[in-house]
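To start, the structure under review is shown below, and the notes come after it.
Please treat every number below as a calculation from the coordinates, not as lab data. Note that this is a predicted model, so its numbers are computed, not measured. Virtual Cβ from ideal backbone geometry, glycine too; neighbours counted across all protein chains shown.
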2 protein chains.
Amino acid sequence: MSSTVALSGCFENWMLASSSAIFRRQLFLLKTLGGHCCRVHMERIHGAEGARAATLEADAEGIIRKITPVMDPRLYKGQAGKVAVIGGCREYTGAPYFAAISALKIGADLSHVFCTKDAATVIKSYSPELIVHPVLEESYGVRDDEKASVFGKVVGDVTKWMQRFDCLVVGPGLGRDTFLLDCVSGIIRHAREANIPIVIDGDGLFLVTNNLDLVKGYSLAVLTPNINEYKRLVEKVLDCEVNEEEASEQLKLLARRIGDVTIFRKGKLDLISDGERVNKVSISGSPRRCGGQGDILSGSVAVFSSWARQRLSSTKEATERSLSNPMVLGCIAASALLRKSAALAFASKKRATLTTDIIECLGRSLEDICPAE
Amino acid sequence: MSSTVALSGCFENWMLASSSAIFRRQLFLLKTLGGHCCRVHMERIHGAEGARAATLEADAEGIIRKITPVMDPRLYKGQAGKVAVIGGCREYTGAPYFAAISALKIGADLSHVFCTKDAATVIKSYSPELIVHPVLEESYGVRDDEKASVFGKVVGDVTKWMQRFDCLVVGPGLGRDTFLLDCVSGIIRHAREANIPIVIDGDGLFLVTNNLDLVKGYSLAVLTPNINEYKRLVEKVLDCEVNEEEASEQLKLLARRIGDVTIFRKGKLDLISDGERVNKVSISGSPRRCGGQGDILSGSVAVFSSWARQRLSSTKEATERSLSNPMVLGCIAASALLRKSAALAFASKKRATLTTDIIECLGRSLEDICPAE
């Protein structure tokens, strides 16, 4: 595909539904929902946004081709992406590994993991390709009178690396230890100050759902909730139940209410919104639901959104706001690549398909969409 | 290929540029550079060296065929090379593993790693093929009043093995802990006294750049800087910026100014100089820049330079000085083998190519150039 094709050309097959259909759905929502959430809908229903509520199937493969950088021998180490995963504790080691190794398999140059000491030995042993920092601490290892100083040390040990990263993934295998999550809050605040994009998944979503200020108004944040994490977010932010009938509208509202973030709602079909429009990715994946696929996704979003930022900063092509949001583009690309890789792995391994098998298919799937040369 | 072919025959296609072209470049350098660095050039410009400033494409495959030992069933364990990597700390375990396993995959008989206790368990778990010594210590594990005795123990624990090694690789995954680097300085001094070749990479270059006396005047030292490490070396030693227009001349000057060492400047094309002449290796590699390829290189230089020393000591063929420098020959061979292996891995894995994939191609690449029988 010629690199001179306009980025906006990827979006030709975004389909706008008619505003009348949207209006009918809004009426349905009014009838079936109550409370604050509904009032917000009432406020918006006659606004300009009404015409943009359709769920749009993204041209995900076109986006992948557009944002994936050309392989250029003149580039040096790091220029294709440097990603860090904050996660891994006494209980969980697989999740941060899956996220970090997926980033490398897609094409990032360097992938770091910041985890507890217990987790570090194990994560290192999974792969020599990762750089694993044993810096996080859980409550059981820290006396109360030490907490302030250990907090400072932990946050400092991570933030001294911060400027080197194109994106953080916060959450895979993080656990729910209170002290550890306090430290991670500190890390997120530093990342925001440094303008580093953040993908939040797993236990990171638990943290953020209870501390929305951590991401409120930060346009470089992506939340990637699964069905239960999404339910908790909707209940907390919109104070109502998940509404499948009006899934897109509710997602868009949620993103706006949290403020400027991008939300990737995982499901049978993936819905992605930054509050401006809702994008859908529904290409075939795998019926296998083995644990760990969400971690592949979070690592993939980190790489693709970094590439999208790089691409958008180097182009002057006019795109509308939502389609020029690198976090949205990264989500769409990651959704499609994971689905294709899972389908490929399932075709070969069937019921025995594991997350590792899907990771092994990331390279071939990307090559099928966007050949390296 | 017959082993009776003269070693100098490998260098038939070394091309000498005309001295007038060199003179023009020297003039350009005088115009564009300032300070002490330029004065050195001025001193040298009318000297005999002027005629030898051309960058020469090395016959790397010919060199590999010449220095790689014949597989002889009469040889016993160790005669094909014994290499040790000094590196591996709490944060880094992949790098020393990559360097040490690459040495074995090329054909060394034994590969040791000297690292911290934290790193040792992990590096051992990567491969049962390596001999891993948990002897290095970082500051956090040593009280101030213990430092003198621990220093002695650490240096002693490494140096008692020293005479067994054909080459040390100092730096992969070493980290920057002050106490650990002090111990490594002690190890380097002992290696020099024992006349053991040393390849210095990664954090070893950080150490040496700030302590140039460690390698000054040691002709069995090789420095393998990447773009950033090279920049720091040039700034420190030549007190000026990297000059891409006069890259070869500057590299040669740098090697001379440090004193007798060989420098392998990694980049889109590799430049290698011991201060006598500059050799270039530019055969196709891979556009992938995943972290760890520098570690493969350092392990490879260790093996090939050991083989080159062995070969040169057993032949009485007349060769000019630079072409009889085993460290230069080792660098040229390592550059070519890494490039071929990376190209082979990339042809199969594309964007998903990782350092482990390249290591898996070392054997086949060497076999393509120089069949074992």
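Please rank B:R65, B:R90, A:R176, fewest neighbouring Cβ atoms within 10 Å first, as an exposure proxy. Let's see the in-between values first.
Numbers: B:R65 17, B:R90 22, A:R176 12.
Ordered from fewest to most neighbouring Cβ atoms within 10 Å, B:R65, B:R90, A:R176 come out as A:R176, B:R65, B:R90.
Relative to the other identical copies, B:Q163 shows label-point distances of 5.0 nm, where the label point lies 7 Å from Cα along the Cβ direction and values run shortest first.
Label-point distances for B:E373 to the equivalent site in the other copies, using a point 7 angstrom along Cα→C-beta, read 3.5 nm when ranked shortest first.
The fewest-to-most ranking of A:Y97, B:Y92 by surrounding Cβ atoms within 10 Å reads B:Y92, A:Y97. Amide H contacts for B:L136 (H built 1.01 Å from N in the peptide plane; partners 5 or more residues away or on another chain; cut-off under 5 Å): B:C115, B:T116, B:K117.
Which of the trypsin sites (Lys or Arg not before Pro) found in the range A:200-287 are loop residues per DSSP with 15 or fewer other Cβ atoms within 10 Å of their Cβ?
On the way: sites: A:K216, A:K231, A:R232, A:K236, A:K252, A:R256, A:R257, A:R265, A:K266, A:K268, A:R277, A:K280; in loops: A:K216, A:K266, A:K268, A:R277.
Passing sites in the range A:200-287 are A:K216, A:K268.
Within 10 Å of the Cβ of each residue in B:282-290, the mean number of Cβ atoms contributed by other protein chains is 5.
When a/c reaches 1.5 or more, the comparison of a/b and b/c decides; with that in mind, is the range B:60-369 rounded, prolate or oblate per its Cα gyration tensor? Here the range B:60-369 falls in the rounded category.
Residue of chain B with the Cβ closest to the rotation axis carrying B onto A, and that distance rounded to whole Å: B:S125, 3. Taking amide H atoms as placed 1.01 Å from N in the peptide plane, the amide H of A:V85 lies under 5 Å from those of A:H112, A:V113, A:F114, A:V169, each 5 or more residues away in sequence or on another chain.
Database remark: amide H of A:A221 closer than 5 angstrom to the amide H of A:I198, A:T262 (H placed geometrically; neighbours at sequence offset of 5 or more, or on other chains; Pro and chain starts carry no H).
Does the range B:190-336 come out rounded, prolate or oblate, given a ≥ b ≥ c as the square roots of the eigenvalues of its C-alpha gyration tensor, rounded meaning a/c under 1.5 and, failing that, prolate meaning a/b above b/c?
rounded
Couplings 3J(HN,Hα) for the range A:188-195, derived from phi with the Karplus relation 6.51 cos²θ - 1.76 cosθ + 1.60 (θ = phi - 60°), are 4, 4, 5, 4, 4, 4, 8, 6 Hz, where x marks Gly and Pro. The ranking of B:C89, A:C167 from fewest to most other beta carbons within 10 Å of each one's beta carbon is B:C89, A:C167.
Convert each backbone phi in the range B:365-373 into a coupling constant with the Karplus relation 6.51 cos²θ - 1.76 cosθ + 1.60 (shift: θ = phi - 60°), then list the ³J(HN,Hα) values in order as whole Hz, x for Gly and Pro. Couplings: 5, 5, 5, 4, 7, 9, x, 5, 7 Hz.
At a threshold of 8 angstrom on Cα-Cα distance, excluding pairs fewer than six apart, so keeping six or more, what relative contact order does the range A:220-373 reach in percent?
On the way: 210 pairs, mean separation 30.6, N = 154.
This gives 20 percent for the range A:220-373.
Centre-to-centre separation between the Cα atoms of the range B:167-238 and those of the range A:339-367: 44 Å. Assuming charge only on the beta carbon of Lys and Arg (+1) and of Asp and Glu (-1), the dipole of the range B:60-369 about its Cα centre is about 780 debye to the nearest 20. For the listed peptides A:305-312, B:71-78, a ranking on the average number of other beta carbons within 10 Å per residue, highest first, reads A:305-312, B:71-78.
For A:R90, the label point sits 7 Å beyond Cα toward Cβ; its separations from the matching points on the remaining copies run 1.9 nm, from shortest to longest.
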